[in-house]
Amino acid sequence: MANVILHGEQLYWSMHTAKSRDKLYQELIEVRDSLELKTDELTLLSRLDPLTNLLNRRAASADIRKLLDQVNRKFVPVSFLLIDIDFFKNINDKHGHDIGDEVIGVLSHTLKTATRKTDVVARWGGEEFLIVLYNSTQNNARLYCKYLHERIAELRYSRADNITVSIGVTQIPMPQHNTVLQVETLIKEADDALYRAKGEGRNRTIFHTDRHAKI
């Protein structure tokens, strides 16, 4: 390694071995890479629900806002699905929380494999899940919910009985501009539809806009 400096008409220079410097530089690079990897791992873990490995509520909310920012710039239809396991408390009471966790885990895997990379799928809380279907019309959402009910009916567990789910659905009907209000409103509409689905006998899908329609 050469250090050279011009001072007036005088040129000063010195030569040093760069072996130790290069070793230190390489070690610093390795430490930096290791820290970046750890940071990425911690960031991922902070976004996931530990039981299901689905997005947690906080991460899902952040991703939904990013998705809706895109929709505001270039509109495509988006469907919001709130999914609740029917009579889940009875499963815990009858079989214990370990079986309850198994039911949540098996259902979570089914929801994950039934969605695309462009969709958002999250554990919204307890036995409730949220799926946001990107570029999904109301008819697409109806077919998708029918498919979900059929797949869930085929699931088997170690001791619990077969489960069913209730689903509430709402959509973005046209371009919106108030993203914060939009998220809150859409979740509330899906939740209202879910409440009606449970009130009308469970094991069905109700759309927010269809007062008497069910799947």
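The values are calculated or read from the model by the stated rules, or taken from the named source; none is laboratory data. Small disclaimer: the values here were computed from a predicted structure and weren't measured. Cβ atoms come from the backbone with ideal geometry, glycine included; neighbour counts cover every protein chain shown. What goes into the accessible areas is simple: the full protein's heavy atoms, side chains included, and nothing from ligands, DNA or RNA. Shrake-Rupley method; radii C 1.70, N 1.55, O 1.52, S 1.80 Å.
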Checklist entry - For the stretch 57-124, list the helices (runs of 4 or more DSSP H) that sit wholly inside it and hold at least 1 residues that are more than 24 Å from THR137 (Cα to Cα) and touching an Asp or Glu at 6+ places or on another chain (Cβ under 8 Å); which are they? => result 88-95, 97-113
Checklist entry - Here is a list of conditions, (1) within 22 Å of LYS74 (Cα to Cα); (2) hydroxyl-bearing (Ser, Thr, Tyr); (3) modelled with pLDDT of 95 or more, and THR179 meets all of them except one; can you say which number that is? => result (3)
Checklist entry - Name the pairs: first residue in the stretch 89-115 and more than 15 Å from GLY125 (Cα to Cα) and of a type outside the set (Ser, Thr, Tyr), second residue open to solvent by 40 Å² or more (accessible area, probe 1.4 Å) and at pLDDT 95 or above, Cβ to Cβ under 7 Å, at least 6 apart or on different chains? => result ALA114/ARG151
Checklist entry - If you scan the stretch 42-86, which residues turn out to be more than 15 Å from the chain's Cα centre (by Cα) and free of Cβ contacts under 8 Å to residues at least 40 places away in the same chain? => result LEU42, GLN70, ARG73, LYS74
